[in-house]
1. About its Cα centre, what dipole magnitude does the chain give when the only charges are +1 on Lys and Arg Cβ and -1 on Asp and Glu Cβ, stated in debye to the nearest 20?
2. Can you tell me the FRET efficiency between A252 and Y112 if r is taken as the Cβ-Cβ distance and R0 is 45 Å, rounded to the nearest 0.05?
3. Note down the net charge around G289, summing +1 for each Lys or Arg and -1 for each Asp or Glu among other residues with Cβ under 11 Å from its Cβ.
4. Ordered by residue, what ³J(HN,Hα) values in Hz, to whole numbers, does segment 288-302 give under the Karplus form 6.51 cos²θ - 1.76 cosθ + 1.60, where θ = phi - 60° and Gly and Pro are x?
5. If R0 is 41 Å, what FRET efficiency do you get for N28 and A259 from their C-beta distance, rounded to 0.05?
6. If you fit an axis through the alpha-carbon atoms of helix 12-27 and take the longest principal axis of the Cα set of the chain, what angle between them do you get, 0 to 90°, nearest 10?
7. Starting from the amide H of V103, placed 1.01 Å from N in the peptide plane, find each other amide H under 5 Å away whose residue is 5 or more places distant or on another chain.
8. Using Cα centres only, tell me the gap between segment 308-336 and segment 191-208 in whole Å.
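Derivation of every value follows stated rules applied to the coordinates shown; laboratory data play no part. Source: prediction; values computed, not measured. Glycine gets a Cβ as well: all are built from the backbone with ideal geometry, and neighbour counts include every protein chain shown.
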Amino acid sequence: MKTRVVKAFGDPEKDREVMQEAAGIIKNGGLVAIPTETVYGLAGDALNPGSAGKIYRTKGRPSDNPLIVHIADISAMDRIAHDIPEEAYRLAGRFWPGPLTMVLKKTDAVPYETTGGLDTVAVRYPVNMIAREFIQASGGYIAAPSANLSGKPSCTRASHCLEDLDGKIEMIIDGGEVGIGLESTIVDFTESIPCILRQGYINEEMLRSVLKDLSRDPPQSIHPKAPGMKYRHYAPKGKLSIVKGSPERVTAKINNAAADHGQKGETCAVIAAHENISGYRGLRIMDAGSLRNEDEIAGRLFAILRELDKAGIEYIYSEDFDTPRLGAAIMDRMNRAAGFNVINTDEDQEEKT
Ligand code: TXA
Ligand code: MG
């Protein structure tokens, strides 16, 4: 299959032809990669069981890992979810359209293929104009996981989608680099207390400004609440370690490691805050952005992991980006990418959490 990459602008006039073509693909059960404000999505018709199957096969994703249904209008929620709690409407009123996904009880309109066999459905109304035009044109209900192959870092540019999906899908809509670079915050509304299933740009404090009760720990049950979170994620090919501690200790530890790897002829890189990069020697340095600009760090992360893969780096060390607003979401992704492999220089021993 030939994969076409087509530019869109977020302007209904200019994008009309592209959207008509993309909608045709979706209505025929095909797949299109689309930009959203968080990461690129691999889109198919959420109400067509065959499309869900195609998404799982294309991504190499286990079919028990449910897909988010994207809508382009709050009222569209009523067809796919029932018994929606008042608080969910309030949260949507505050943060939709935007990088927030809500898990609700599903109606029969949503096939079990889309929800990975669950009786619940994850719903998101993105703010990105290209995504909204596309969803509208394609019938209003779009299943879209992140467009990366399963296990790889999410795509923040159309070129990342092409790396992963060339020859596997009909079309990639190029909307440029995404704004946020981390996947949406997920809140579950199907238990007695709303619960954060995935950290994201809408952080806990923002959620608490609307929700009186909010839990951080999903209730234990036989089925993991966000099945996707049990798999290794965002992982580069090289061995990634997160190095924690005071900046001096972290720099010293990583420089020592770099020297060891260098002696063995192994390639090695560090992902560091802009403020710290001048302290590193003898390894490839990836500037994650300034600690004073968390959005920059969030936005660069996945592209950096992909770049290190392309360069075939064998050992990767990352500083801890425990910044006030987005630190929880950034470090959630980094810890998963590292398989929770953390070196704590204050204890100076490797800890596996
Ligand atoms: O920002 C985003 O959310 C991006 C863009 C494309 O919208 N999408 C995205 O999808 O990150 P994906 O499939 O990569 O991650 C969705 C996560 C998975 O961990 C999945 O298990 C969880 O959401 N999820 C989906 N439906 C669920 C449900 N009914 N109950 C619990 N978790 C669910
Ligand atoms: Mg994903």
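1. 740
2. 0.25
3. The answer is -3.
4. 7, x, 7, 4, 7, 10, 4, 4, 5, 4, 4, x, 8, 3, 5
5. Taking R0 as 41 Å, the efficiency between N28 and A259 is 0.15.
6. That helix lies at roughly 80 degrees to the long axis.
7. Excluding prolines and chain starts, which carry no amide H, the hits are V123, V187, D188, F189.
8. After rounding, the separation between the Cα centres reads 21 Å.
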